[in-house]
Structures are given as C-alpha cells and as structure tokens.
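Each remark here refers to the structure printed beneath this line.
Here, each number is a calculation from the coordinates, and none is a lab measurement. Worth saying up front: this structure is predicted, and the values here are computed from it rather than measured. Virtual Cβ from ideal backbone geometry, glycine too; neighbours counted across all protein chains shown.
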Amino acid sequence: MAGRFEQVTELTALEPLFARSEEEPVLLFKHDPGCSISEYAYREMLHVAPDAPLIDVARAKDVAREVAQRTGVRHESPQVILLRGGQAAWSASHFGISAEAVEEALKTHG
C-alpha cells in the first residue's frame, strides 16, 4: 500500500532528509500498515503529500526511534513531523493528521 510514498527503511536515509530540510520543508510520515488509525492517516496524506518519506514503523523500528531521538518528538504512530532547518517545526499524530492540518502546517511552518 505504501508504493506512492518514498520508503525510508535505513538509518542512512535520514541524514539526506534532515539536510534537505535546511533548504525546504520535509514531511516525515510514520505509518503502521496494520493499524486502522494509521490507514486513515495514510489516506489523508495521499491528498497532501503522496511523495512524503514514509517510515513503516513495523519494519523500520530503528529508523522510527532515531527520528524521535533526533527531533525530540515522542514516537507515536501514525505520526507526521514537519522538519525545517533540521528540527521538528510541527507534528501531529493519530486523528490529528488530516490533509487540512498538514496543509496549514506547511503554510505556517514551511
């Protein structure tokens, strides 16, 4: 199901994303394909950022933990984190993830 999103499966893939956030906003999407709330968030993200980096928290637990450690944002799933300047500028989890909320965050913090 995650074919439309940029899969992040290795820790080494995080550094370029954090570096890119120095120039432009980067959305990270933590997703658990076995969770119904995460499926809701997935559908919402398709409307706003179908090419966002996606971390499958069931398969890439080490990547999800590293994002939490680097951003200081407690891990939840589903979760969206907006990186700006290498730091978390905004985050949402569970039913707080909607296309409208992500678009507003990009306008405000992007």
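So the values come out like this:
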| quantity | calculated |
| --- | --- |
| Descending semi-axes in Å of the stretch 20-107, equivalent ellipsoid built from Cα gyration tensor | 18, 16, 10 |
| Span from the the stretch 83-110 Cα centroid across to the the stretch 40-74 one, whole angstrom | 12 |
| Backbone HN-Hα couplings from phi across the stretch 24-30 [Karplus 6.51/-1.76/1.60, Hz, Gly and Pro as x] | 8, x, 10, 9, 10, 10, 8 |
| Amide H within-cut-off set for Leu83, under 5 Å, with H built and near neighbours excluded | Val26, Leu27, Leu28, Ala89 |
| Estimated [θ] at 222 nm from DSSP helical runs (n ≥ 4, -39500 (n - 2.57)) normalised by residues in the chain, nearest 500 | -11500 deg cm²/dmol |
| Derived scalar couplings ³J(HN,Hα) [the stretch 94-99; Karplus, 6.51 cos²θ - 1.76 cosθ + 1.60; whole Hz; x for Gly, Pro] | 6, 6, x, 8, 9, 4 |
| Note, ³J(HN,Hα) from phi for the stretch 71-84, Karplus 6.51, -1.76, 1.60, rounded to Hz, x at Gly and Pro | 9, x, 8, 3, 5, 9, 8, x, 7, 10, 10, 9, 8, 9 |
| Relative exposure of Ser36, Ser98, judged by other C-beta atoms within 10 Å (fewest first) | Ser36, Ser98 |
| Value of relative contact order over the chain, rounded to a whole percent, pairs C-alpha under 8 Å and six or more apart | 34 |
| Virtual spin-label span in nm between Glu6 and His75, 7 Å along Cα→Cβ | 2.2 |
| Charge dipole magnitude, Cβ of K and R +1, D and E -1 - the chain, Cα centre, debye nearest 20 | 220 |
